[in-house]
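The values are calculated or read from the model by the stated rules, or taken from the named source; none is laboratory data. Worth saying up front: this structure is predicted, and the values here are computed from it rather than measured. Here the Cβ positions follow ideal geometry from the backbone for every residue, glycine too, while neighbour counts run over all protein chains shown.
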Amino acid sequence: MAFRALNALVSDIRIAVRASQTFSDLSRDARASSDANRGSFGLLPR
């Protein structure tokens, strides 16, 4: 019982870490592309 709860907690943490890594990758890509657009064309409306 306790082992199953601990196992579920570990898998939840693993999922949360993967989600936060994916989110930080996406936000970094969005920031990089918006910086590139600003550099090339000034402020580009999306």
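Within the stretch 36-43, does at least one residue satisfy the condition of being surrounded by 10 or more Cβ atoms within 10 Å (Cβ to Cβ), at pLDDT 70 or above and either among the small types (Gly, Ala, Ser) or not in a helix (DSSP H, G or I) (or both)?
Checked against the condition, which is being surrounded by 10 or more Cβ atoms within 10 Å (Cβ to Cβ), at pLDDT 70 or above and either among the small types (Gly, Ala, Ser) or not in a helix (DSSP H, G or I) (or both), the stretch 36-43 yields no hits at all.
Return the residues of the stretch 15-35 that are under 14 Å from the mean Cα position of the chain (by Cα) and of a type outside the set (A, V, I, L, M); say none if nothing qualifies.
ARG18, SER20, GLN21, THR22, PHE23, SER24, ASP25, SER27, ARG28, ASP29, ARG31
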